[in-house]
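Only the coordinates and a few stated rules stand behind these numbers; no lab work does. Everything numeric in this text was worked out from a predicted model, so none of it was measured. Using ideal geometry, Cβ is built from the backbone for each residue, glycine included, and neighbour counts are taken over all protein chains shown.
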Amino acid sequence: MTEHPKQKKQANSRKESNSPQTFFEGKSGNNRSFISPKGNNQFASSGSFFGPAPVVQRKHNNQPLDGQQEEQNTKQPTHRIRSNGNVNEYALRNARGDVKQLESGEEIYLPEGTEVAVLDSSGGELHGYYKIALWYAGTYHTGFIHLDAIYSGKGQDITEFSPEIFISDAENTVYRSRTRVEQEIANASNPRSTERQYQQVLQLISDVECYIGQYRNGQLVITPEILQKLVEREAQFDQLKAQDKVAGVNVIAQTIFNGYDPIVQDKDYQKARASDITLFVPLSFEWFQSATVLQNYYDTVIANAEINKFEGHSGEGIMVDDTVIQELMDLRAFVGNALAQGNLNHSSETEWLRTLNPSKIAQYSTLIFVHDSTWNLTADQRRTDGINAGASFGPVNAHPMKSVLTHEVNVNTTGYLVTDTHIKPDQEQQAQQASQITEQRLKKEPLLGDAVYQSESYLATVILHDYFKQIESFQQR
C-alpha cells in the first residue's frame, strides 16, 4: 500500500522529535502547494494558486558561512529559502525541534522563495539552525530553520517563485501599513481629525488590498512571465541610472507618483498634486567631478550655495525660493558658457539644465536632490542613513533608491504620507533583541516588523501599488 504523503510527513515528525539534531529537512519535489491565508485574514478567499511553481529567476547574494557572512546578516537580515537540488521546502520548527503547525493542524513547510528574517544565527539548543521570523499563510510566525535553507544554493538563482509568494509578501507589507495607520489614528488626541488627514493614505492601502483581493478571486492574473517583466524592469533601471542619471531619476519619479500622487499642500498653502509641485534634480556630485570647469565651479560656488545638497547618504529636499532659482539659473548660464567655449561636453545633465527657466522652476514647491552615495546603492541593500529601504516581493526586488526618494518626497511635502518615515531608533534596538521578538508582538507592533524586515511599510506600499498597476497594464495589452 502506498503511504499518503501527509501521513508519511506526520510519522517522520514524530520520529524526529526524539532526535532534534538529525532531522530530515523538508520535502523533495514539487508536489506541495503554497498555503493560502486562512482564518480571519482579510485577503483570504476560496481561490488560490496551487501546483508546481514555474521558473522566475532572481540573483541572490550567497557567500560562505563565515565571520564575514555573519556581519552581512546584520546588514541584510532577510533571506529567501533556497533549494539544495533535492529539498525544495524546509520545516519551521519550535525550540524543541518539533515541526510547527498552523491553527488548522497543517505542518509548516516553507517553499523555495519564502522570505525570512534572521533574528538569531546561534539557534540556541538547535545546532545548525537559525531563529527566524516570517509572514506565512496570512500571519506572522517565529521559529527555527536549518541553515541549509538559506545557504545551500551557493550563489545559484532561486528558480521557483510562485506568484503566491509575491502576494504573500504584498500581504505582509500592507498588513503592517494598515495596522500602523489604524493605531496612529486611534492613539491621536483627536482621532476623527487624524483620520481625515490619513484619508489618502487609507485609500492607498485599500487600493493595494483590492488588488490582492482581485488576485485571490481570479480577477487579476499574475503569472511567472509577468513577474519576470517586473524583474527585468528593475534590472533595466539599475543599468539606466548608471548610464544616464537624468533618465534614471525620471523613471523613479514616474514610479513614485504612479504609486501614490495625493493632493498635498504647496509652498503657498494651496492644494496641489504632489507630482505637480516636486522637481527631482538629476545632477550628481559625480557629474560635478567629471570636468575641471565643473570641479572649480563646485568648489567655489556650489559649496556655498543653498543647492549644495549633492553629498551625503540618502537625499535631501529644499523649498523653492528666489535664491534657489537664481542659483540654478547661474549654474545654467555657467554650463552654457563652458559648452560654447569647448570646455565641457554635452550630456543629459547639460540638456536638463538647458530646459530650466525662472518661471518653470517657480512652479514647483520642492526640489529633491540625490546624495552621492545613493547613486551607488546596489539592488540588494535594504537601508541607508536613517531609512529602511527594503521593498521585496517574491522575485521582484525594488531598487532602494525608490524608497529613499519616496521618503524624501514625504518628509519634504506637507500631507504626503502624513507621518515621518525615518527609522525609529527604539524599534531598531528592539529588533536586535531576538529573544523578545514574538509572533504576537509582530502582529501588534508594525514598526517592529518594519525594523525586522528593514522595510518601511508606507514606502514599500507606494512601490507595491506601482507594481500592481504595472501588472494590470500588462493584462490590458
Loop-only chymotrypsin sites (Phe, Trp or Tyr not before Pro) in segment 266-337, please: DSSP not H, G, I, E or B, and at most 11 other Cβ atoms within 10 Å. 269
Run the numbers on segment 323-477 and let me know its relative contact order in percent, using alpha-carbon pairs under 8 Å that are six or more apart. 19 percent
Taking placed amide H atoms and a strict 5 Å upper bound, the residues 5 or more places from residue 100 or on another chain that come that close are 92, 93, 94, 108
What list of ³J(HN,Hα) couplings, whole Hz, do you get for segment 421-437 from phi and the Karplus terms 6.51, -1.76, 1.60, once you set θ to phi - 60° and write x for glycine and proline? 10, 6, 4, 9, x, 5, 5, 4, 5, 5, 5, 7, 9, 4, 5, 9, 8
For residue 384, residues with placed amide H under 5 Å, excluding near neighbours: 389
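Throw me the Rg/Rh for segment 392-459, computed over C-alpha atoms with Kirkwood Rh, two decimals.
1.01
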My understanding is that a pair violates if its Cα-Cα distance is over 27 Å; which of 241/271; 424/444; 309/444; 131/424 do that in this structure? 241/271; 309/444
In nm, give the distance between the simple-model label positions of residue 290 and residue 376, each being 7 Å from the Cα along the Cα-to-Cβ direction. 1.7 nm
List the residues whose amide H sits under 5 Å from the amide H of residue 280, counting only those 5 or more places along or on another chain, with H placed 1.01 Å from N in the peptide plane. 368
How far is the Cα center of segment 304-318 from the Cα center of segment 324-391, in Å? 10 Å
Among the aspartates and glutamates, which have Cα under 18 Å from the Cα of residue 360 when same-chain residues fewer than 8 positions away are ignored? 266, 268, 276, 321, 322, 327, 330, 349, 351
Computed ³J(HN,Hα) along segment 453-459: with the Karplus parameters 6.51/-1.76/1.60, θ = phi - 60°, integer Hz and x for glycine or proline, the list is 8, 6, 9, 6, 4, 5, 4
With θ set to phi - 60°, apply the Karplus curve 6.51 cos²θ - 1.76 cosθ + 1.60 along segment 130-143 and write out the HN-Hα couplings as whole Hz, x wherever there is a Gly or Pro. 10, 7, 10, 10, 7, 9, 8, 6, x, 7, 8, 9, 10, x
